[in-house]
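Asker: I am attaching a structure below and will ask some questions about it afterwards.
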Amino acid sequence: MNDFDLVRKNLFRRKLRAVLMIVSILIAFMIFGVLAGFYRAFTAGEDRAAADRMITVNKINFTQPLPIAYYNRVRAVEGVRQVTFANWFGGYYQDPKNFLMSLAVEPTTYFDVYRSEFDVPPDQLQAFIRDRGSALIGESLARKWGWKIGDRVPVASNIFSQKSGGHTWDLTIAGIVKGKADHIDTNFLLFQYAYFDETRSFGKDTIGWMILQTTSPENNDRVAKTIDAMFANSTAETSTDTEKAFGKAFAAQFGNIALIVLLVVGAAFVTILMIVGNTMALSIRERTREIGVLKTLGFSGPRILGLVLGESILLALLGGLPGLAIAALIAMALRASLANVAPAFALSPVIALEGVALMIALGLITGIIPAVNAMRLKIATALGRG
Amino acid sequence: MTTESPMVRLTGVSKRFTKGKETISIFDHLDLAIPGGDFIAVMGPSGSGKTTLLNLLGGIDRADGGEIAVADRRIDGLSEGELATWRAANIGFIFQFYNLMPMLTAAQNVELPLLLTRLRSKERASRVQTALSVVGLADRVKHRPREMSGGQQQRVAIARAIVSDPNLLLCDEPTGDLDRHSADEILSILQLLNGELGKTIVMVTHDPAAANYAKRILHLDKGRFVERELAA
Ligand SMILES: Nc1ncnc2c1ncn2[C@@H]1O[C@H](COP(=O)(O)OP(=O)(O)O)[C@@H](O)[C@H]1O
Ligand SMILES: [Mg+2]
């Protein structure tokens, strides 16, 4: 037997009570793990945004189109190294449930602007540019459906339809795009804007947004001002911002949800804190006499403090660790289906460490008051008069 | 009485309790000397300060004045931490209500004081076994307190008190909760610990029959001792 056995046996002397506390802590940390994973997924974009990349969208909001004529005018702005553009396609494969992150893009410039993120073999890129009806797909999308170069894939849209009727575009896969780092999402399909624009039944000559690269991040402000001034008072005013800021604005929509979620989790934690803290205090008070006996035997105040804190920390870990483990399993299970919305959704080591720190904090906070009381307890008082 | 220094010496010890505005004096300049190897029964009316006396001797309560020495060591000036260490090595306590840990087995209860030593688990186990044999419970090691009678629980408590081999045993009404037969068993064990192992014992009791197991009886009344030698 050692002090740890003592701690363990103390914790489980009332099994039902211990199990109920463990389960409530488990649920709290499960929620924490899943939500922290989500939060990471939504904010991951910010970190990888290139400093010299900017995005021009319609000032009303980013779902409103821009005239394609803007493209050439932006090209001519001083301080702009390269411009490309894209249009949201709202694609799916076979069934609307199989969402396909798909964009109609300008094929010659797109991978120049994104060259620090993506690798396309030059011959495949040439094939893509040459063949109007072709598409490039990301590696993970290729893996997901088992698509290979040369396959003909029917891609349907839940927004657009063809002039000839129908919602489906048949595209030939010209190449496969690789991410240059692990965290870069390659779950997408890109096809030629020219072909898309020519065949769609409405919205002709408009694009979704432009992505431009400045000659240097120092020029960002000036370039943004010039562009937005250029289109001021037109029917489609623009808003140009760094990719980082854009990502933040995009994430802010989720940010509000994140705040609500944070409040909910916070409330749950505070509740659990109070329940566990109160239960700990109660169970230590029930043991007043035994603590007096331990002190009589020669257990010092600090040692008693350690035993009580050990118990509350052990409790937090016994609930928290399985809670995090379940959260990790949930993250793994949901990863595939959430790949489009939240590609970086996972329980990262950082989250796990934060979780463990949170458990220890929970243990310390719930245990400290009874522990200090136990440490200070006078033996004569504890034993009563007998 | 010999002239060699006693096991326990109280010199001019005072103890007061304050209850609200009232201060009651339990001991006022009390002197007491207990030689090593003695077995003393302390009797006296309820509230006369018997438990308080044991608490002072065992360093679990502090005197308001005077000197307390056990085995030539002054304990009145020790800090809480020093007292804890000192108790672990020098004092064995036995209470009226056994005070065993309900979730621990007999052997684990007896092992508790040894967690404070540097002994290896093998050595600890053999000491636990020895202590349980002394009290005649070698066959109950795996039993938990609730699976044992009061007498058996008190025997486990005695084993716990002697396992780290202290010289002084302080017993506060050790048979107060037991029937005559169990009480006699417990008292015989105490007598054996005193006679065979030379433990000095101070036992508080209400029961004259229990007191008769001791070598001397001290009557505590109004903060003073009245000694009566036993007619054997
Ligand atoms: N912690 C305490 N606070 C106040 N009064 C106490 C305390 N401990 C003991 N007393 C009082 O001191 C007196 C002696 O108590 P105690 O030593 O327990 O007596 P006994 O064991 O002889 O019955 C009693 O009047 C008791 O009420
Ligand atoms: Mg008493």
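The values are calculated or read from the model by the stated rules, or taken from the named source; none is laboratory data. A quick note: this is a predicted structure, and the numbers were derived from the prediction, not measured. Here the Cβ positions follow ideal geometry from the backbone for every residue, glycine too, while neighbour counts run over all protein chains shown. Accessible surface is based on the protein model in full, side chains and every heavy atom, while ligands, DNA and RNA are left aside. Shrake-Rupley method; radii C 1.70, N 1.55, O 1.52, S 1.80 Å.
Asker: With labels modelled as points extended 7 Å from the Cα through the Cβ direction, what inter-label distance (nm, one decimal) is found for B:S133 paired with A:D151?
Answerer: Going from the B:S133 label point to the A:D151 one covers 7.9 nm.
Asker: Rounded to two decimals, what is the ratio between the C-alpha radius of gyration of the stretch B:8-230 and 2.2 N^0.38 Å?
Answerer: 1.01
Asker: When only DSSP loop residues count, what trypsin sites (Lys or Arg not before Pro) in the stretch B:1-40 have their Cβ near at most 12 other Cβ atoms within 10 Å?
Answerer: Passing sites in the stretch B:1-40 are B:K21.
Asker: Let me ask something else. Can you tell me how the stretch A:65-235 classifies by the Cα gyration tensor, rounded, prolate or oblate, using a/c under 1.5 as the rounded cut?
Answerer: Cα axes put the stretch A:65-235 in the oblate bin.
Asker: Report the per residue volume, in Å³, of the convex hull enclosing the C-alpha atoms of the stretch B:1-120.
Answerer: Roughly 166 Å³ of hull volume per residue.
Asker: If you take the square roots of the eigenvalues of the alpha-carbon gyration tensor of the stretch A:168-213 and sort them as a ≥ b ≥ c, do you get rounded (a/c under 1.5), prolate (a/b over b/c) or oblate?
Answerer: It is oblate, given that a/c is not under 1.5 and a/b is not larger than b/c.
Asker: Taking H as built 1.01 Å from N, whose amide H comes closer than 5 Å to the amide H of A:W209, not counting residues under 5 places away?
Answerer: Distant-sequence amide H within range of A:W209: A:A86.
Asker: Okay, moving on. Span-like helices, chain A: DSSP H, alpha-carbon axial extent 30 Å or more, mean Kyte-Doolittle 0.5 or greater, which ones?
Answerer: Once both thresholds are applied, what remains is A:15-48, A:243-286, A:301-335, A:349-376.
Asker: From the phi angles alone, apply the Karplus equation (6.51, -1.76, 1.60; θ = phi - 60°) to the stretch A:99-104 and give each ³J(HN,Hα) in whole Hz, x where the residue is Gly or Pro.
Answerer: 4, 10, 5, 9, 10, 8
Asker: Grab the beta carbon distance between A:T288 and A:L259, set R0 = 45 Å, and tell me the FRET efficiency rounded to 0.05.
Answerer: That pair, A:T288 with A:L259, gives E of 0.55.
Asker: Can you compute 3J(HN,Hα) from phi for each residue in the stretch A:189-202, using the Karplus curve 6.51 cos²θ - 1.76 cosθ + 1.60 with θ = phi - 60°, rounded to whole Hz and x for Gly and Pro?
Answerer: Listing the rounded values in order: 10, 10, 9, 6, 4, 4, 5, 4, 5, 5, 9, 6, 8, 8 Hz.
Asker: Continuing with this model, one more query. Taking K and R as +1 and D and E as -1, what net charge do the other residues with C-beta under 13 Å from the C-beta of B:N167 add up to?
Answerer: Within the 13 Å Cβ shell, the charges total 0.
Asker: So, one more: Need one value: the accessible area of B:H29 in square angstrom, 1.4 angstrom probe, rounded to the nearest 10.
Answerer: Rounded to the nearest 10, the figure is 120 Å².
Asker: While we're looking at this one, here's another question. How much net charge surrounds A:V308 when only other residues with a Cβ under 14 Å from its Cβ are counted (Lys, Arg +1; Asp, Glu -1)?
Answerer: Net charge in that neighbourhood comes out at +4.
Asker: Follow-up. Summing +1 for each Lys or Arg and -1 for each Asp or Glu, what net charge is found among the other residues whose Cβ lies under 12 Å from the Cβ of A:M21?
Answerer: Net charge in that neighbourhood comes out at +2.
Asker: A further question on this structure: Mind grabbing the interface size between A and B? I mean buried accessible area, both sides, 1.4 Å probe, in Å² to the nearest hundred.
Answerer: The contact between B and A buries close to 2200 Å².
Asker: Amide H to amide H, which residues 5 or more places from B:G92 or on other chains are under 5 Å from it, using H placed in the peptide plane?
Answerer: Result for B:G92 returns B:L168, B:L169, B:L170.
Asker: Can you list the residues of the stretch B:65-100 whose accessible area drops by at least 30 Å² going from the chain on its own to the full set of protein chains, with a 1.4 Å probe?
Answerer: By number: B:A84, B:R87, B:F95, B:N99.
Asker: What number, in percent, do you get for the relative contact order of chain B if the mean sequence gap of Cα pairs under 8 Å and at least 6 apart is divided by its residue count?
Answerer: 27
Asker: Let me ask you something else. How much of the accessible area of the protein assembly as shown, in percent, comes from carbon and sulfur atoms when a 1.4 Å probe is used?
Answerer: The nonpolar share, carbon plus sulfur, comes to 57 percent.
Asker: Quick check: Cα centre of the stretch A:267-294 to Cα centre of the stretch A:105-171, how many Å?
Answerer: Result: 61 Å between the Cα centres.
Asker: Taking the Cα centroid of the stretch A:3-27 and of the stretch B:6-62, what is the distance between the two, rounded to the nearest whole Å?
Answerer: Measuring centre to centre over Cα atoms gives 41 Å.
Asker: So what's the back-of-envelope 222 nm ellipticity for the protein assembly as shown, counting only DSSP H runs of four-plus at -39500 (n - 2.57) apiece and dividing by all residues, rounded to 500?
Answerer: Taking each H run of at least 4 residues, the total per residue is -14500 deg cm²/dmol.
Asker: Answer rounded, prolate or oblate for the stretch A:135-280, using the Cα gyration tensor with square roots of eigenvalues a ≥ b ≥ c: rounded when a/c is under 1.5, else prolate when a/b is larger than b/c, else oblate.
Answerer: Verdict is oblate for the stretch A:135-280.
Asker: Taking 8 Å as the Cα distance limit and 6 or more residues as the minimum spacing, I'd like the relative contact order of the stretch A:65-235 as a percentage.
Answerer: About 34 percent, as a whole number.
Asker: Over the stretch A:65-235, give the accessible area per residue in Å² for a 1.4 Å probe, as an integer.
Answerer: Accessible area per residue, the stretch A:65-235: 47 Å².
Asker: Which cross-chain or sequence-distant (5 or more) residues have an amide H under 5 Å from the amide H of B:A41, H modelled 1.01 Å from N in plane?
Answerer: B:M203, B:K215, B:R216, B:I217, B:L218
Asker: So for the pair A:T235, A:T215, with labels modelled 7 Å out along Cα→Cβ, what separation do we get in nm?
Answerer: 3.4
Asker: Using θ = phi - 60° and the Karplus form 6.51 cos²θ - 1.76 cosθ + 1.60, what ³J(HN,Hα) does each residue of the stretch B:191-200 get, whole Hz, x for Gly and Pro?
Answerer: Whole-Hz 3J(HN,Hα) from phi for the stretch B:191-200: 4, 5, 4, 6, x, 8, 9, x, 6, 7.
Asker: While we're on this one: Round to the nearest 10 and report in Å² the accessible area of A:M101, as given by a 1.4 Å probe over the protein chains' heavy atoms.
Answerer: Around 50 Å² of this residue is reachable by solvent.
Asker: Could you check the simple spin-label distance between A:D3 and B:S46, using points 7 Å along Cα→Cβ, in nm with one decimal?
Answerer: Simple spin-label model gives 4.0 nm for this pair.
Asker: Additional query: Per residue of B:104-113, how many C-beta atoms from partner chains lie within 10 Å of its own C-beta, taken as a mean?
Answerer: Mean inter-chain Cβ contacts per residue within 10 Å come to 3.
Asker: For the protein assembly as shown, state what percent of all Cα-Cα pairs lands in each successive 20 Å bin, counting from 0 Å until the bin that includes the largest distance.
Answerer: P(r) for the protein assembly as shown, in whole percents per bin: 16, 31, 17, 16, 16, 4, 0.
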